[in-house]
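Remarks on the structure that follows.
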Amino acid sequence: MHDFCFTIPYGLALVGGGLFGFIQKGSTASLAGGVGTGLLLILAGYLSLTAFGKRKNSYIALAIEILCAGALTWIMGQRYLQTSKIMPAGIIAGLSGVMTLFYLFKLATGGNHIPAKAD
């Protein structure tokens, strides 16, 4: 599975969650954190998809994905430990942890596997 297949929906979910938190609670932290990180991940997914279309890997996109997902895992994991609230801290920490592991797996296995060019 290619990283952009999960990165773009993950980024969209973060944008949606950030907007939801802002609309429901007026939380500017949700707006900045969710929307900012989500848009950065969507950009990384787009970079990866574009590189894949050119039959290459984008290690810059993979680095952005690892940093964003790792930071969210750490920050929201700490928040979950302090508050014990599943929503949103526990869910975001868990989802981001899974995504971090997926991105590290992609890095360890050489990125997106480019299929052989058909003649």
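General observations
- Extension gain (nm, one decimal) between Trp74 and Ala13, 0.36 nm per residue minus Cα-Cα: 20.1 nm
- When Met87, Met76 are arranged by Cβ crowding within 10 Å, least crowded first, meaning fewest neighbours, the order is Met87, Met76.
- Low-density loop cleavage sites - trypsin sites (Lys or Arg not before Pro) in region 28-119, where at most 15 other Cβ are within 10 Å (DSSP): Lys54, Arg55, Lys56, Lys85, Lys117
- Note on the chain: Rg/Rh from C-alpha atoms, Kirkwood Rh, equals 1.05.
- Rounded to the nearest 500, the helix-only mean residue ellipticity at 222 nm of the chain stands at -24500 deg cm²/dmol, with each DSSP H run of n ≥ 4 adding -39,500 (n - 2.57).
- Cα-centred dipole magnitude for region 3-108, charges only on beta-carbon of K, R (+1) and D, E (-1), debye, nearest 20: 80
- Value of Rg/Rh across region 42-88 [Cα atoms, Kirkwood radius]: 1.23
- Between Ile60 and Lys25, the distance separating the two model label sites (each 7 Å from Cα on the Cα→Cβ line) works out to 3.5 nm.
- R0 of 22 Å, Cβ-Cβ distance Ile86-Leu43: FRET efficiency to nearest 0.05: 0.15
A short reminder: the numbers here are calculations on the coordinates, not readings from a lab. As the structure is a computational prediction, the values presented were derived from the model and not from experiment. Cβ coordinates were reconstructed from backbone atoms using ideal geometry, including for glycine residues, and neighbour counts include every protein chain displayed.
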